[in-house]
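Data first, discussion second: the structure below is written as structure tokens.
Values quoted throughout were computed directly from the atomic coordinates according to the rules given, and no laboratory measurement underlies them. Keep in mind that what you see is a predicted model, and the values were worked out from it rather than measured. Positions of Cβ are generated from backbone atoms using ideal geometry, with glycine treated the same way; all protein chains shown enter the neighbour counts.
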Amino acid sequence: MSPASPPPARRTAGVGRRTMAVPSVAVQPVRRRDRRGRGPRGPLMPSTMPAYRTRAERFDDLVLDAVERIERHWAKQLSGTEFAVEDVPPSNPAPWERGGVPLGRYFPSDAGLPARIVIYRRPVESRAGDPFDMADLVRDVVVEQVAHLLGRSPDDVDPDYRDSH
């Protein structure tokens, strides 16, 4: 050992011009295999496969696409409005809802809370026949709730709304 090297119990780490002492700690070796010796496990589904994203993530993307489409024309009126996705509606229906399960709800702004539009994923998925039908249904539900928010008809909010009915 040369006289310029630190004692074995301490190491030095260079930080800029200063040198600080770092205590030597016994470092555990990194485990390269699991306890049965099979090696590290990879993801179950590679990210390149279509099934990598969950149904909920794909549904969220459909809602975002529908909102972006509407915000192109109504951005000023929709500023501050929150859009959310929930799995199922609450068990207590709103006073104006009679019969059936709602696909979405509009909550007006109240006491410092912004206006919210909530789309319910499970009821929409159960009514859609295929992925294309689900995209149309999500768009229709978002258009209907935005129309309710703006006090307009759905045809005014999205001219293509009538085409899907």
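Can you list residues from other chains, or at least 5 along the same chain, whose modelled amide H is less than 5 Å from the amide H of Ala84?
It is Ile117, Val118, Ile119, by chain and number.
Which FRET efficiency, nearest 0.05, do Asp130 and Ser79 yield, Cβ-Cβ r, R0 35 Å? Working shown, then result.
On the way: r = 34 Å, r/R0 = 0.98.
Computed FRET efficiency for Asp130 and Ser79 comes out at 0.50.
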